[in-house]
Amino acid sequence: MSALHNLVHCIDTFTDRLGRWLAWLSLAMALVTALVVVLRYGFNMGSIAAQEAVTYMHGTLFMLGAAYALKSGAHVRVDIFYRNFSPRARAWVNSLGGLVFLMPMCGFIFFSSLGYVAESWSIRETSPEPGGIPAVFLLKSVIPLMAACLFLQGLAETLRSALILVEERP
């Protein structure tokens, strides 16, 4: 059981560090957005690359932030019955939800996106906009990365719940 506790702790640590990095990304996104606005309305200058950078950061923030949201309990949950469940019943719901829904969905997203991402990499897909970021393939690479991170955190949550069930303590 100690090995499972260590695995859960390692995954949680990884997800926590990723979430803290993403918090800085949200600050960078706000700063670049402010820069775009000042350039456009203050100096009558536009920057397609800066606008696309905001989109890239926004997509990265939300795609990779899904694992952190799961870890911190910030995801959407239908709470009508769940909030009244005992810790053991919650552990059952979390374990079954992770095994039946979350992890298979992550596997599906991961494997179904690999061809899409590989094709983008093979042609080094660029922005269709003149002056845009010539690295759309990097943004598309976040899709399987999101699925992998969410799968790992889902595994940690499922193992945590399974440990509650096995150890019979919340």
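The values are calculated or read from the model by the stated rules, or taken from the named source; none is laboratory data. Since this is a predicted model, take the numbers as computed values, not measurements. Please note: Cβ atoms are built from the backbone with ideal geometry, for glycine as well, and neighbour counts cover all protein chains shown.
What to note about this one:
- Residue ID - surrounded by the most Cβ atoms within 10 Å (Cβ to Cβ), chosen from residues in the range 99-138 that are among the aromatic types (F, W, Y) and free of Cβ contacts under 8 Å to residues at least 40 places away in the same chain: F137
- Some residue of the range 88-108 being more than 30 Å from E167 (Cα to Cα) and modelled with pLDDT of 95 or more: yes
- Residues satisfying the stated conditions in the range 77-115, i.e. hydroxyl-bearing (S, T, Y) and over 16 Å from the mean Cα position of the chain (by Cα): Y82, S86, S95, S112
- Taking every residue in the range 148-170 that is modelled with pLDDT under 95 and pairing it with any residue that is outside any helix (DSSP H, G or I), at least 6 positions away or on another chain, the pairs with Cβ-Cβ distances below 9 Å are L163/M1; I164/P170; V166/M1; E167/M1; P170/S86.
- Taking the range 44-74 as the range and being within 20 Å of G132 (Cβ to Cβ), part of a helix (DSSP H, G or I) and not small (G, A, S) as the test, the residues that pass are I48, Q51, E52, V54, T55, Y56, M57, H58, T60, L61, M63.
- Some residue of the range 143-163 being touching a Pro at 6+ places or on another chain (Cβ under 9 Å) and closer than 26 Å to G59 by Cα: no
- Cβ-Cβ under 6 Å pairs, at least 6 apart or on other chains, the range 1-12 side within 10 Å of R160 (Cβ to Cβ) and touching a residue at least 24 places away in the same chain (Cβ under 8 Å), far side among the aromatic types (F, W, Y) and in a helix (DSSP H, G or I): none
- Residues of the range 80-98 classified as among the basic types (K, R) and surrounded by 12 or more Cβ atoms within 10 Å (Cβ to Cβ), total: 2
- Hey, A89 under 19 Å from T60 (Cβ atoms), hydrophobic (A, V, I, L, M, F, W, C) and part of a helix (DSSP H, G or I) or not: no
- Exactly one residue out of A69, A74 is of a type outside the set (D, E, K, R), within 9 Å of the chain's Cα centre (by Cα) and closer than 30 Å to A156 by Cα: that is A69.
- Qualifying residue in the range 38-61 (condition: in contact with an Asp or Glu (Cβ under 9 Å, 6 or more places away or on another chain) and free of Cβ contacts under 8 Å to residues at least 40 places away in the same chain): yes
- Within the option set T33, T15, being part of a helix (DSSP H, G or I), among the β-branched types (V, I, T) and touching a residue at least 60 places away in the same chain (Cβ under 8 Å) holds for one residue only, T15.
- Residue that is farthest from P144 (Cα to Cα) [pool: residues in the range 72-98 that are charged (D, E, K, R) and in contact (Cβ under 8 Å) with a residue 24 or more places away in the chain]: R88
- When the criteria are applied in full, V37 meets the requirement of being loosely packed, with under 11 Cβ neighbours inside 10 Å, aliphatic (A, V, I, L, M), at negative phi and over 20 Å from the mean Cα position of the chain (by Cα).
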